[in-house]
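In what follows, a structure is listed as structure tokens, so that the remarks can point back to it.
The values are calculated or read from the model by the stated rules, or taken from the named source; none is laboratory data. From a predicted model like this one, the values you see are computed outputs, not experimental measurements. Here the Cβ positions follow ideal geometry from the backbone for every residue, glycine too, while neighbour counts run over all protein chains shown.
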């Protein structure tokens with residue numbers, strides 16, 4: 001059996017994301033022949049057809065890894081491919097909620113390691129229909145909530161074996177997964193596996209083998225660690241540090257870090273430095289004490305601020321490189337707008353890399369993992385506004401609109417609560433975040449995950465000095481990626497000539 005899988009990383013960040021490659025790896029292990037078509041939204045329909053027609057076999061399945069793709073683009077591509085390859089089954093996968101009729105045979109939501117085989121058995125081998133439903137809004141598509149019915153928390157293989165036909169370049173940052181689940185359960189968070197007490201980390205040898213294989217085959221040295229919270233256990237950081245000290249090359253890692261853990265466990269700084277994990281994203285969310293406590297982050301903001309400055313100083317002193325990007329949310333419980341402005345001013349005065357979102361609360365009950373805010377918004381002081389001005393504004397900006405998606409809509413979710421509360425409302429919080437985009441974004445030093453993409457192109461100390469404007473406007477480095485995509489397409493199209 002043969003398949004192609006479409007993958008993309010979105011319009012703004014051009015990187016090679018992992019999901020499609022992991023599914024391709026799993027399917028090859030089961031005897032399938034699979035080609036991944038990356039950056040697929042930058043392929044015309046004619047180019048996609050030209051590539052598929054060049055394959056020396058008939059395709060039986062077209063997969064779509066949909067997280068970073070706009071819905072209307074996916075629908076248009078699926079409609080075209082179905083017209084050209086009517087016998088092929090269409091299977092979508094990823095953690096973005098399914099809320100429209102894409103014309104797929106199956107839509108698998110979430111981590112799908114344990115859902116993949118049942119879906120394939122059903123579609124191709126006459127197996128039982130997997131646990132799922134045919135929603136009213138997509139009556140001919142089976143929706144499988146893998147996070148619920150085929151829980152991919154404990155898996156036997158984290159390692160992704162890339163293929164020579166993937167044409168990976170040495171400067172690319174690949175994704176690395178060390179464990180699944182988060183020990184914490186922040187009230188606003190709708191990640192798949194929260195409050196996990198067990199340790200599902202992979203082994204040290206498997207981690208070493210993956211890093212060595214990618215270095216030998218592709219020259220890869222830079223990685224984004226996808227774990228929800230990398231430093232939730234000392235043992236994970238120490239394992240990576242031990243691996244790094246065994247490697248014949250110097251790697252670099254970017255990841256999600258819970259900063260209050262580093263502050264309360266200062267020995268983690270040494271472990272993170274040993275592990276060459278020096279590009280961090282901190283979900284701080286707020287500097288308001290009551291808001292922080294309400295969402296499950298109890299460390300006092302003054303201690304967080306002091307900790308940020310201390311961590312930066314320690315990394316620069318120890319290994320000479322560091323990037324910490326902070327994520328903040330406007331609209332959290334009990335925090336008035338004046339506090340948002342105080343917080344952003346502190347960031348402007350003291351920190352070089354930060355991002356603001358307006359609070360988005362999902363109302364999706366079909367396939368989105370529910371946060372505590374989503375389950376009972378009223379308990380936390382939120383309700384659906386009846387203010388026509390706010391509702392009209394939200395609609396005009398593309399929120400809860402299946403055709404046009406609001407700019408900062410959470411994971412492209414088109415079912416969100418247009419809320420109001422005693423302290424603020426959806427419009428005001430979102431406009432505050434939009435003002436940040438317009439006035440502060442380009443002045444920021446390059447964010448930790450974006451910086452990882454450029455680690456092999458510049459001296460690291462020089463790279464740390466670049467702002468977003470330097471990279472995206474003055475140097476126009478995204479043009480390099482467009483050239484890379486052009487070369488990648490050329491290589492793919494010439495494979496079977």
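A few notes on this one:
- Checking each residue in segment 474-486 for being out of contact with any helix residue (DSSP H, G or I) (no Cβ under 7 Å at 6 or more places or on another chain) and without any contact (Cβ under 8 Å) to a residue 60 or more places away in the chain picks out 474, 475, 476, 479, 480, 483, 486.
- Residue check, residue 367 in the same structural domain as residue 432 (by TED's automatic domain parsing), within 25 Å of the chain's Cα centre (by Cα) and buried (at least 20 other Cβ atoms within 10 Å of the Cβ): yes
- Search result, residues across segment 380-397 that are assigned to a helix (DSSP H, G or I), surrounded by 14 or more Cβ atoms within 10 Å (Cβ to Cβ) and without any contact (Cβ under 8 Å) to a residue 40 or more places away in the chain: 390, 391, 393, 394, 395
- Screening residue 94 on (1) touching a helix residue (DSSP H, G or I) at 6+ places or on another chain (Cβ under 8 Å); (2) touching a residue at least 24 places away in the same chain (Cβ under 8 Å); (3) at negative phi shows it passes everything except condition (3).
Conditions tested, residue by residue: (1) touching a helix residue (DSSP H, G or I) at 6+ places or on another chain (Cβ under 6 Å); (2) crowded, with 20+ Cβ neighbours inside 10 Å; (3) on the phi < 0 side of the Ramachandran plot; (4) not assigned by TED's automatic domain parsing to the domain that holds residue 282.
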{"position": "320", "(1), (2), (3), (4)": "no, no, no, no"}
{"position": "333", "(1), (2), (3), (4)": "yes, yes, yes, no"}
{"position": "336", "(1), (2), (3), (4)": "no, no, yes, no"}
{"position": "339", "(1), (2), (3), (4)": "no, yes, yes, no"}
{"position": "343", "(1), (2), (3), (4)": "no, yes, yes, no"}
{"position": "348", "(1), (2), (3), (4)": "no, no, yes, no"}
{"position": "356", "(1), (2), (3), (4)": "yes, yes, yes, no"}
{"position": "359", "(1), (2), (3), (4)": "yes, yes, yes, no"}
{"position": "362", "(1), (2), (3), (4)": "yes, yes, yes, no"}
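- Residue that is surrounded by the fewest Cβ atoms within 10 Å (Cβ to Cβ) [pool: residues in segment 59-88 that are at pLDDT below 95 and within 19 Å of residue 22 (Cα to Cα)]: 67
- Count of segment 39-58 residues, restricted to those that are surrounded by fewer than 11 Cβ atoms within 10 Å (Cβ to Cβ) and touching a residue at least 60 places away in the same chain (Cβ under 8 Å), is 1.
- Any hit, segment 22-35, residues being at pLDDT below 95 and either crowded, with 16+ Cβ neighbours inside 10 Å or more than 28 Å from residue 190 (Cα to Cα) (or both): no
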